[in-house]
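**Student:** First the structure, then my questions, so here it is.
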C-alpha cells in the first residue's frame, strides 16, 4: 500500500543476480516527487544495475520494486546507435513518445543543442550526444527521471550548467530524479538523499550524513569526505545572533 | 482485367513491394537478413504441406515459418550455439526435409524451379486476394508496433525503461516476417525473398537521412524493381524472381553514386 502518494518508485531489499553472481543486493530506496536521490560508489558497485532495477529493465530480481508512475525519462550510461539506421536528432527526440515541436525545441535549447536539431545522430560528438540524450529524457516531461552519469564527456562549464539544469527540472517539473554521479560537488549541492553502494548499500542519508560515515570514508578516502563536509561550510554569509544575515 | 497473367503478376508484385519495403528496413536495421533467409528456406516445407493436405500455400507457409521461428527462439534459449549456427541449422535442414518430402510425393508434379525462383504464370486471382488483404493486415500491424519496434531497434533498454514493451513488438515482428514470406513466395521464390526485403532497403539507406524517408524510398525502390523486373522477365523470358532482384540490384548500384556525392560534399 502506498500511504505516501509522493512516492514514484520504491525498492524493497532489491537485488539482481547474473549467472550466479550478485551484481547488487539488498537495496532499499525511495524516489519521491521533487526529490533528487543520488547513487554513488566505485566502479562495479551496482549503480547502473540499481537504476535498471528501478526502471524495470531487469525482470528476475530479488526483492520487490513498486512503481507508481509510467511517465519515465531515462538517460542510459552507454548507448550505441547502430548506424544502419539513418536517424536525425529530431527523429530521436520522438523515439518513445510523440511530443510537439515546441516541446522539442524547448528541451534542445535548454541543453544547448538546438542548432543540431536536423543533424544526423551519428555525426555528433560524445558531449553533444549526451546533451541530446538529456534533452530527449526531459522533453517528455517525465514524473521520474533516471540519469546514469548524464554529463560524461561534456566539457567542464557545460557540466556545471547541465547539473544546474537538472536541479531546475526537479523543481519546475516536480519530478523525482534518480541520479548516478561521480561528481561529489554536485552530490553535495543539489541532492536530497545519497545512497552509497558497494555491491550493497554501504550507507545512505543526507549528503552530510554520508560524508561523515566511516564506511564512506573507507570507500572513497578521507579526502572525498572532506570535499563534502567542507562544501557545506562554504557559505557566502553568516547568521548573526539576532538572526540577521551578514554577507561575508 | 485480371484475366491477363501479366497484369495479375504486376498487381501481385506491387502489393508485395508495399509490404517488403517497410519490413525490409527493419530487417536491415535489426540485422535479420539471415533470419529472413531461414524462414524463406523453411517455406519449402510449407509448400509441400500445402500440396499434401490440399491447403492454401500462403497459409501453410505462414504456419510452418512461424513454427520454425518459435523453434529458433527456443533453441536460442536452451543451447549454447551461436545464433548464426542455429539459423544455418534450421534453414538447411528445413530445406532438405522439404526436398525429401517432395521426393515422396511422386503423384504430384512439382515445378521446383518455380518454387525456388518465382513464377509469374502461377499467380492466380486468389493469390491477389491473399497478397492484398494479407499485405494490408501486415502493414496495419506494423504501423501499430512502429514506435516500440523502432525505439527498441535504437536501444532496447531505453524502450523497456520508458514502458514500450519491446519484447512484445519483437515477437509480433517475427510473425509479420513469416507472413510476408508466405504472401510473396509464389512471386519471388523462396531463394530470393530475402533479396526483395534487403536490396530495396539497402538502396534506400544510401539516399535517406531519417527512418521514415528510408521506408518511403524502400517502397519506391521495391515498386520500381517489380515493374522493371516483370517487364524484362516478359521480354527476355526469364524467371520473375531473379528479374525483379536484378532490377533491385541496378537501383542499388545507382544509389551508390548518391553516397559518393555526399562524401565529396563533406570533404
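The values are calculated or read from the model by the stated rules, or taken from the named source; none is laboratory data. Predicted model only: the values in this text are computed from it and were never measured. Neighbour counts run over all protein chains shown; Cβ positions are idealised from the backbone, glycine included.
**Student:** Which condition breaks for residue A:42 when tested against (1) closer than 21 Å to residue A:202 by Cβ; (2) modelled with pLDDT of 90 or more; (3) surrounded by fewer than 19 Cβ atoms within 10 Å (Cβ to Cβ)?
**Tutor:** Residue A:42 satisfies all of (1) closer than 21 Å to residue A:202 by Cβ; (2) modelled with pLDDT of 90 or more; (3) surrounded by fewer than 19 Cβ atoms within 10 Å (Cβ to Cβ) except (2).
**Student:** Kindly establish whether residue A:20 is more than 21 Å from residue B:167 (Cβ to Cβ) and without any contact (Cβ under 8 Å) to a residue 12 or more places away in the chain.
**Tutor:** Answer is yes for this residue.
**Student:** Can you confirm whether residue B:224 is at pLDDT 90 or above, surrounded by fewer than 22 Cβ atoms within 10 Å (Cβ to Cβ), closer than 21 Å to residue B:11 by Cβ and in contact with a helix residue (DSSP H, G or I) (Cβ under 9 Å, 6 or more places away or on another chain)?
**Tutor:** When the stated conditions are applied, residue B:224 passes them.
**Student:** If you don't mind, there's one more thing I want to ask. Output the qualifying pairs, or none if there are none: Cβ atoms under 7 angstrom, residues six or more apart or on different chains, first residue in segment A:95-110 and under 16 Å from residue A:161 (Cβ atoms), second residue in a loop (DSSP other than H, G, I, E, B).
**Tutor:** Partner pairs satisfying both residue conditions: A:108/A:117.
**Student:** OK, next. Scan the helices (runs of 4 or more DSSP H) fully inside segment B:141-241 and keep the ones with 3 or more residues being within 11 Å of chain A (Cβ to nearest Cβ).
**Tutor:** Counting at least 3 such residues, we get B:156-161, B:193-206, B:211-236.
**Student:** What is the residue count in segment B:55-89 for residues that are buried (at least 18 other Cβ atoms within 10 Å of the Cβ) and within 19 Å of residue B:173 (Cα to Cα)?
**Tutor:** Total satisfying the criteria: 11.
**Student:** Among the numbered criteria (1) within 10 Å of chain B (Cβ to nearest Cβ); (2) at pLDDT 90 or above; (3) over 16 Å from the mean Cα position of the chain (by Cα), which single criterion is violated by residue A:51?
**Tutor:** (3)
**Student:** Among the residues of segment A:208-217, is there at least one that is modelled with pLDDT of 75 or more, farther than 28 Å from residue A:6 by Cβ and surrounded by 14 or more Cβ atoms within 10 Å (Cβ to Cβ)?
**Tutor:** Among the residues of segment A:208-217, at least one is modelled with pLDDT of 75 or more, farther than 28 Å from residue A:6 by Cβ and surrounded by 14 or more Cβ atoms within 10 Å (Cβ to Cβ), which makes the answer yes.
**Student:** Quick test of your reading of the structure: residue A:128 fulfils all but one of (1) surrounded by fewer than 20 Cβ atoms within 10 Å (Cβ to Cβ); (2) part of a helix (DSSP H, G or I); (3) more than 10 Å from every other protein chain (Cβ to nearest Cβ). Name the failing condition by number.
**Tutor:** In the conditions (1) surrounded by fewer than 20 Cβ atoms within 10 Å (Cβ to Cβ); (2) part of a helix (DSSP H, G or I); (3) more than 10 Å from every other protein chain (Cβ to nearest Cβ), residue A:128 misses (1) alone.
**Student:** If you don't mind, another one. If I filter segment B:229-249 down to residues being surrounded by 14 or more Cβ atoms within 10 Å (Cβ to Cβ) and more than 14 Å from residue B:118 (Cβ to Cβ), which single residue comes out as modelled with the lowest pLDDT?
**Tutor:** Looking at residues that are surrounded by 14 or more Cβ atoms within 10 Å (Cβ to Cβ) and more than 14 Å from residue B:118 (Cβ to Cβ), I get B:231.
**Student:** Can you list residue pairs whose Cβ atoms sit under 7 Å apart, with the first residue in segment B:56-79 being at positive phi and the second being surrounded by fewer than 20 Cβ atoms within 10 Å (Cβ to Cβ)? Count only pairs 6 or more apart in sequence or on different chains.
**Tutor:** As it stands, the answer is none, since no pair meets every condition given.
**Student:** So, one more: Out of segment A:10-26, which residues are in a strand (DSSP E or B) and surrounded by fewer than 21 Cβ atoms within 10 Å (Cβ to Cβ)?
**Tutor:** A:10, A:12, A:13, A:17, A:18, A:21, A:22, A:23, A:25, A:26
**Student:** Anything in segment B:21-38 that is more than 14 Å from every other protein chain (Cβ to nearest Cβ) and either closer than 13 Å to residue B:173 by Cα or more than 16 Å from the chain's Cα centre (by Cα) (or both)? List them, or say none.
**Tutor:** Matches in segment B:21-38: B:23, B:35, B:36.
**Student:** Could you tell me which numbered condition residue A:154 fails, if it satisfies all but one of (1) in a helix (DSSP H, G or I); (2) farther than 21 Å from residue A:118 by Cβ?
**Tutor:** Of the numbered conditions (1) in a helix (DSSP H, G or I); (2) farther than 21 Å from residue A:118 by Cβ, the odd one out for residue A:154 is (1).
**Student:** Could you identify the single residue in A:103, A:54 that is over 20 Å from residue A:130 (Cα atoms) and assigned to a helix (DSSP H, G or I)?
**Tutor:** Testing whether each residue is over 20 Å from residue A:130 (Cα atoms) and assigned to a helix (DSSP H, G or I) leaves just A:54.
**Student:** Further question on the same structure: Got at least one residue in segment B:43-54 being crowded, with 19+ Cβ neighbours inside 10 Å, closer than 26 Å to residue A:84 by Cβ and out of contact with any strand residue (DSSP E or B) (no Cβ under 9 Å at 6 or more places or on another chain)?
**Tutor:** So far as segment B:43-54 goes, yes, one or more of its residues are crowded, with 19+ Cβ neighbours inside 10 Å, closer than 26 Å to residue A:84 by Cβ and out of contact with any strand residue (DSSP E or B) (no Cβ under 9 Å at 6 or more places or on another chain).
**Student:** Next question, about the same structure. If you scan segment A:106-125, which residues turn out to be in a loop (DSSP other than H, G, I, E, B), exposed (fewer than 15 other Cβ atoms within 10 Å of the Cβ) and within 14 Å of chain B (Cβ to nearest Cβ)?
**Tutor:** Hit for segment A:106-125 is A:118, nothing else.
**Student:** Filter segment A:61-99 down to the residues that are part of a strand (DSSP E or B) and more than 10 Å from chain B (Cβ to nearest Cβ), then identify the one that is surrounded by the fewest Cβ atoms within 10 Å (Cβ to Cβ).
**Tutor:** A:64
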